[in-house]
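Asker: First the structure, then my questions, so here it is.
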Amino acid sequence: MSVALPAADIARALTRISHEILERNSGSDSLTLLGIPTRGAHLAKRISAIIESIEGKPVQTGTLDITLHRDDLRLRPPRAIMPTSIPALGIEGRNVVLIDDVLYSGRTIRAALDALGEVGRPKTVQLAVLVDRGHRELPIRADFVGKNLPTSSNQSVSVKLTELDGSDEVVIDS
Amino acid sequence: MKHLLSINDLSKVDAISILDTAEKLARVSDGPMKKLPTLRGRTIVNLFAEDSTRTRISFEAAAKRLSADVINFSAKGSSVSKGESLKDTAQTLQAMGADAVIVRHSASGAAQRLADLEWMSGSVINAGDGTHEHPSQALLDAFTIRKHLAKGADDLTGLRVAIVGDVLHSRVARSNVLLLTKLGAHVTLVSPPTLLPVGVSSWPVDIAYDFDSLLESVDVVMMLRIQLERMSDLFFPNAREYSRYFGLTKDRLQKLKPGAIVMHPGPMNRGLEITADAADSARSVIVEQVTNGVSVRMAILYLLLAGSAGEIAL
Amino acid sequence: MTKYLIKQGSLADGKVTDILIDGERIIEISQNISNSEAQVIEAKNCIVLPGLVDLHTHLREPGREDSETILSGSMAAAKGGYVAVSAMANTSPVADTAGVVEQVYRLGQEAGLVDVFPIGAVTQGLAGVALSEMGAMADSKAHVRVFSDDGQCVFDPLVMRRALEYVKQFNGVIAQHAQDPRLTVGSQMNEGEVSSRLGLKGWPAVAEEAIIARDVLLAEHVQSRLHICHLTTAGGVEIVRWAKARGINVTAEVTPHHLLLTDESATSYDPVFKVNPPLRTQNDVLALRQALADGTIDIVATDHAPHPVEAKECEWQEAAFGMLGLETALSIVNKTMVESGLMNWAAVAERMSVAPARIAGYADHGQEIAVGSFANLTVLNPTLKSRVDRDRVASRSRNTPFHGIELPGVVIATFFKGKATYSFDAKTSEISAGGN
């Protein structure tokens, strides 16, 4: 087990991503942040807080559960369904930023795009992830990446967050 | 878990997990996503060897909201009513590639036989077997009770439920007794002695013959359908006398404590076990039971079918 | 005919001896017989019983030869250690005329593996209304002495009274299937805690006990002979006990399945456990065992009831009542009565051979194992265990409730009037050595 990203690096990465999001979207007025439960939702809250502190006003933030849209449901026991909460202004015509902890095969993001399609038609959909570990199985890439972590597919990458795990760190298990 | 045949198949944790999942699915259904791709490509057969439009429609709506392909195989005109054996029916369903079969049958144990005999590999969901059980009905009833009365708790601890009427012939009563007591509720069966099974003393319930004595203390009154044919089998003298002692009338309704709710699995015999006043009153959650039925059945289908075959689902 | 020498078998009283059979009879009983012409049966550690006699067998012929024939039923009987069976009257056509009973008797003789004694119907067509020609059946070549509407109760008290009276002229006996039909309309299983759970319509014990009570009083009143088929309830035992103490001429039977199984079996909804009268509670089972041990219940009778696969591979409430019994009866009695210490082998010989032969008047059967007696013998290895396999039964049907269960006791050989009608072949049977 090795620590790939200590707490301070995670904080710096989130701050950088927040600035990049603001820069790309010319401020926060058109933004809707949607975190993918479980850890993506917590990361979205943190990014939302950072953006609010920079811009001085709250940004539209919610969650998007993709469980019911997964294409690998038959391969494992059913997962608990997590809450989806779309913020008040909806997603129609908005610049939606999907936020997740780890980008790997890309299948979660594909499911998220499907789930989003059921909700409405955003102007753009962007993707922010804390870690991109490679091994994509679909033509998907992230717009904002905290850290690129080259891994082999038999390693596992786990993101720990204070809200759930008591401390912040990203570790790689072989 | 592969099948849902009886409430006995569920632990308390399992049952709560179904209710929780149903709650989340209900929210999804209320929101912008009406239809989910979750069971796309799965084939679900509604095998109804006995008439029950409402249960069939409820399961059908649940399956379709999860994008499953639904085949209705109903008794009228089908081979089941012509005496085709359960085995032949099951083998036909197997040949059609059914991932799940929702079975309504007039014989107690029919769903269990389908599941046990390995004539087909899909999941079996009991949608009412004879006078045995109707687990999805009990789950939707528990869901409705929890929503109204549990005050945020995940079970039904401390709630008092009266189940009133023909317990002997009621699969709804059997499943509800098992489930509601499992979830911590206190259940009293109210019925003429002729309509209670011999052996009921072993059930985890109280028995009362006097409906009026309970009105002020119960949180839930669950009325059971009474069939008029029972009169000819000497279970009670006539409809008038039955209603007088065991019907939910306007007078009885007024004696219920504040917040108490009135339930009925449907279809109702208005004027027999329940008057129109009671059925349509503000206390009645009968229509809501139907709505909740879809969410609960979506949860059952999701938990049984979304996962890989053979693994523990809950 | 071949001579047979049974070596080193234990008689029911525990005495170890050799038995020499020549022709139809036993010609010598002593230690260390040697006879070079005789075929030897090694019976060390085996029990030699008088050949078993069943008073309650459904052979289905004529009418339902798809489920059993007199020949296949005779083979099953021989395999189970039986030398005589009593073919119940509920065939198609019903055995309610001399013609039908003579046909059944003749087919039994042709099969030649056991004596097949037909039971005559009490009422025409088992309808419970008009008496059948019991006199003609008694006078026929089949020499019928036992009459029963089994499957149906003789419910009308006047019909039952007349039947009991009528059979006195030829020392017949009425074997009553005690079941009040009004209390058991649509009944599926014992009425009690389990039926309340399973939602299957109950068959209350009182429906059996009420008829037994009525009929022992009728038998007393008309001074006739009554036999109670398949007694199943603790309450029924009490009534029979009372009647016997009162001097009423009543006998009673219990089936092997009612000595072992309870209504809990129905929780599988597997109709192989569906039988009439139904499996009862553990309390009833214990009362039946006690009553068989103390003689309140006189005999074990199988109620062997073969059914085709489709009659059991269905929903419980659609399925036929009944289970196979002939091939497993002795093992079950061994398990429930002997191994439990309730009965010794002498009592087994009495309950499964001597008493049924006496009740039915089968003079050639139930004889003492003695020089000059008919060589009707059952050789049982009581410690060998075998697993019941419904695909290897001699019966034409496979509805045994004991499939997959290991039972103690294997019939090694059956002799019917000096003829070896069954001999166990260890090579083709799945056997595991029992005990330690």
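Asker: Give the residues of the stretch C:62-87 that are over 11 Å from the mean Cα position of the chain (by Cα), surrounded by 23 or more Cβ atoms within 10 Å (Cβ to Cβ) and part of a loop (DSSP other than H, G, I, E, B), sorted by residue number.
Answerer: Listed by number, the residues that qualify are C:S67, C:E68, C:G81.
Asker: On to the next question. Consider the stretch B:24-59. How many of its residues are of a type in the set (D, E) and surrounded by fewer than 19 Cβ atoms within 10 Å (Cβ to Cβ)?
Answerer: Matching residues across the stretch B:24-59 total 2.
Asker: Which numbered condition in (1) touching a Ser or Thr at 6+ places or on another chain (Cβ under 8 Å); (2) within 14 Å of another protein chain (Cβ to nearest Cβ) is the only one that B:G247 fails?
Answerer: It fails just one condition, (2).
Asker: Cβ-Cβ below 6 Å, separation at least six or inter-chain, first residue in the stretch B:227-250 and assigned by TED's automatic domain parsing to the domain that holds B:M268, second surrounded by fewer than 13 Cβ atoms within 10 Å (Cβ to Cβ) and of a type in the set (V, I, T): which pairs?
Answerer: B:F235/B:T194
Asker: Take the conditions of a type in the set (V, I, T), touching a strand residue (DSSP E or B) at 6+ places or on another chain (Cβ under 6 Å), touching a residue at least 40 places away in the same chain (Cβ under 8 Å) and within 14 Å of chain C (Cβ to nearest Cβ) and apply them to B:V167. Does it pass?
Answerer: Values: of a type in the set (V, I, T): yes; touching a strand residue (DSSP E or B) at 6+ places or on another chain (Cβ under 6 Å): yes; touching a residue at least 40 places away in the same chain (Cβ under 8 Å): yes; within 14 Å of chain C (Cβ to nearest Cβ): yes.
Spelling it out, B:V167 is indeed of a type in the set (V, I, T), touching a strand residue (DSSP E or B) at 6+ places or on another chain (Cβ under 6 Å), touching a residue at least 40 places away in the same chain (Cβ under 8 Å) and within 14 Å of chain C (Cβ to nearest Cβ).
Asker: Would you confirm, using the coordinates I've provided, whether B:K76 is over 29 Å from B:T38 (Cα atoms), more than 13 Å from every other protein chain (Cβ to nearest Cβ) and either modelled with pLDDT of 90 or more or not in a strand (DSSP E or B) (or both)?
Answerer: Yes.
Asker: Still on this structure: Restricting the search to the stretch B:7-29, which residues are within 11 Å of chain A (Cβ to nearest Cβ) and acidic (D, E)?
Answerer: Residues satisfying the conditions are B:D20, B:E23.
Asker: Now a separate question. Which residue, of A:A112, A:A128, is within 14 Å of the chain's Cα centre (by Cα), buried (at least 20 other Cβ atoms within 10 Å of the Cβ) and within 14 Å of another protein chain (Cβ to nearest Cβ)?
Answerer: Going through A:A112, A:A128 in turn, just one is within 14 Å of the chain's Cα centre (by Cα), buried (at least 20 other Cβ atoms within 10 Å of the Cβ) and within 14 Å of another protein chain (Cβ to nearest Cβ): A:A112.
Asker: May I pose another question? From the set of residues in the stretch B:30-41 that are modelled with pLDDT of 80 or more and facing chain A (nearest Cβ under 7 Å), which is farthest from B:S136 (Cα to Cα)? Before the answer, list the steps.
Answerer: Just the residues of the stretch B:30-41 that are modelled with pLDDT of 80 or more, to begin with: B:35-41.
Filter again for facing chain A (nearest Cβ under 7 Å), leaving B:36-38.
Numbers: B:L36: 21, B:P37: 22, B:T38: 20 Å.
Only one residue tops the list, namely B:P37.
Condition check ((1) touching a residue at least 60 places away in the same chain (Cβ under 8 Å); (2) part of a loop (DSSP other than H, G, I, E, B); (3) closer than 27 Å to C:G202 by Cα) across all residues:
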site	(1), (2), (3)
B:I71	no, no, no
B:E118	no, yes, no
B:A127	yes, no, yes
B:I145	yes, no, no
B:H148	yes, no, no
B:I163	yes, no, yes
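Asker: Looking only at residues that are free of Cβ contacts under 8 Å to residues at least 40 places away in the same chain and in contact with a helix residue (DSSP H, G or I) (Cβ under 9 Å, 6 or more places away or on another chain) in the stretch C:80-94, which one is nearest to C:K419 (Cα to Cα)?
Answerer: Here the residue is C:A87.
Asker: Also: Would you point out which residue out of A:P78, A:P58 is more than 8 Å from chain B (Cβ to nearest Cβ), touching a helix residue (DSSP H, G or I) at 6+ places or on another chain (Cβ under 7 Å) and without any contact (Cβ under 8 Å) to a residue 24 or more places away in the chain?
Answerer: A:P58
A quick yes/no check of all residues on (1) within 28 Å of C:V116 (Cβ to Cβ); (2) part of a helix (DSSP H, G or I):
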site	(1), (2)
C:V159	yes, yes
C:Y166	yes, yes
C:R197	no, yes
C:L200	no, no
C:E209	no, yes
C:R214	no, yes
C:L218	no, yes
C:S224	yes, no
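Asker: Conditions first: (1) surrounded by 18 or more Cβ atoms within 10 Å (Cβ to Cβ); (2) within 13 Å of chain B (Cβ to nearest Cβ); (3) over 27 Å from C:I248 (Cα atoms). C:A142 passes all but one, so which condition is the exception?
Answerer: Result: C:A142 fails condition (2) only.
Asker: Has the stretch C:197-208 got at least one residue that is more than 14 Å from every other protein chain (Cβ to nearest Cβ), crowded, with 22+ Cβ neighbours inside 10 Å and not aromatic (F, W, Y)?
Answerer: As a first pass, look at the stretch C:197-208 and keep what is more than 14 Å from every other protein chain (Cβ to nearest Cβ): C:208.
Applying the additional criterion that residues be crowded, with 22+ Cβ neighbours inside 10 Å yields C:208.
Now restrict to residues that are not aromatic (F, W, Y): C:208.
Yes, the stretch C:197-208 contains at least one residue that is more than 14 Å from every other protein chain (Cβ to nearest Cβ), crowded, with 22+ Cβ neighbours inside 10 Å and not aromatic (F, W, Y).
Asker: Identify all residues within the stretch C:225-239 that are touching an Asp or Glu at 6+ places or on another chain (Cβ under 6 Å) and surrounded by fewer than 24 Cβ atoms within 10 Å (Cβ to Cβ); write none if there are none.
Answerer: Listed by number, the residues that qualify are C:A234, C:G235.
Asker: For the stretch C:182-196, give me each residue that is of a type in the set (S, T, Y), facing chain B (nearest Cβ under 7 Å) and either touching a Cys at 6+ places or on another chain (Cβ under 7 Å) or touching a residue at least 24 places away in the same chain (Cβ under 8 Å) (or both).
Answerer: Answer for the stretch C:182-196, where residues must be of a type in the set (S, T, Y), facing chain B (nearest Cβ under 7 Å) and either touching a Cys at 6+ places or on another chain (Cβ under 7 Å) or touching a residue at least 24 places away in the same chain (Cβ under 8 Å) (or both): just C:S195.
Asker: Further question on the same structure: Confirm whether A:P77 is surrounded by fewer than 20 Cβ atoms within 10 Å (Cβ to Cβ) and farther than 27 Å from B:I16 by Cβ. Give the derivation first.
Answerer: Details: surrounded by fewer than 20 Cβ atoms within 10 Å (Cβ to Cβ): yes; farther than 27 Å from B:I16 by Cβ: no.
No.
Asker: With the structure loaded, tell me whether B:K82 is at pLDDT below 90, more than 10 Å from chain A (Cβ to nearest Cβ) and surrounded by fewer than 17 Cβ atoms within 10 Å (Cβ to Cβ) or whether it fails that test.
Answerer: Here the answer is yes, as B:K82 does meet what is asked.
Asker: Let me ask something else about it. Looking only at residues that are among the hydroxyl-bearing types (S, T, Y) and out of contact with any strand residue (DSSP E or B) (no Cβ under 9 Å at 6 or more places or on another chain) in the stretch A:131-158, which one is nearest to the other protein chains (Cβ to nearest Cβ)?
Answerer: From the stretch A:131-158, those among the hydroxyl-bearing types (S, T, Y) are A:151-153, A:156, A:158; that's our starting set.
Filter once more, so that each one left must be out of contact with any strand residue (DSSP E or B) (no Cβ under 9 Å at 6 or more places or on another chain): A:152-153.
Details: A:S152: 26, A:S153: 21 Å.
Taking the candidates together, the pick is A:S153.
Asker: Got a sec? Which of C:A293, C:A266, C:A287, C:A320 is part of a loop (DSSP other than H, G, I, E, B) and not aromatic (F, W, Y)? Explain how you work it out, then say what you get.
Answerer: Values: C:A293 fails: part of a loop (DSSP other than H, G, I, E, B); C:A266 fails: part of a loop (DSSP other than H, G, I, E, B); C:A287 fails: part of a loop (DSSP other than H, G, I, E, B).
From the options C:A293, C:A266, C:A287, C:A320, the qualifying one is C:A320.
Asker: Here's something else I'd like to know. Being charged (D, E, K, R), without any contact (Cβ under 8 Å) to a residue 40 or more places away in the chain and either buried (at least 24 other Cβ atoms within 10 Å of the Cβ) or closer than 23 Å to C:L158 by Cα (or both) is true for just one of C:R246, C:R214. Which residue is that? So that I can check it myself, show each step before the final result.
Answerer: Numbers: C:R214 fails: without any contact (Cβ under 8 Å) to a residue 40 or more places away in the chain.
Going through C:R246, C:R214 in turn, the sole match is C:R246.
Asker: Based on this model, can you work out whether B:L140 counts as surrounded by 24 or more Cβ atoms within 10 Å (Cβ to Cβ), within 10 Å of chain C (Cβ to nearest Cβ) and not small (G, A, S)? Show your work before the answer.
Answerer: Values: surrounded by 24 or more Cβ atoms within 10 Å (Cβ to Cβ): yes; within 10 Å of chain C (Cβ to nearest Cβ): no; not small (G, A, S): yes.
Here the answer is no, as B:L140 does not meet what is asked.
Asker: Further, regarding this structure: Name the pairs: first residue in the stretch C:314-326 and more than 10 Å from chain B (Cβ to nearest Cβ), second residue of a type in the set (D, E), Cβ to Cβ under 7 Å, at least 6 apart or on different chains?
Answerer: C:G325/C:D303; C:L326/C:D54
The values are calculated or read from the model by the stated rules, or taken from the named source; none is laboratory data. This is a predicted model, so every value here is computed, not measured. Cβ: placed from backbone, ideal geometry, glycine included. Neighbour counts: every protein chain shown.
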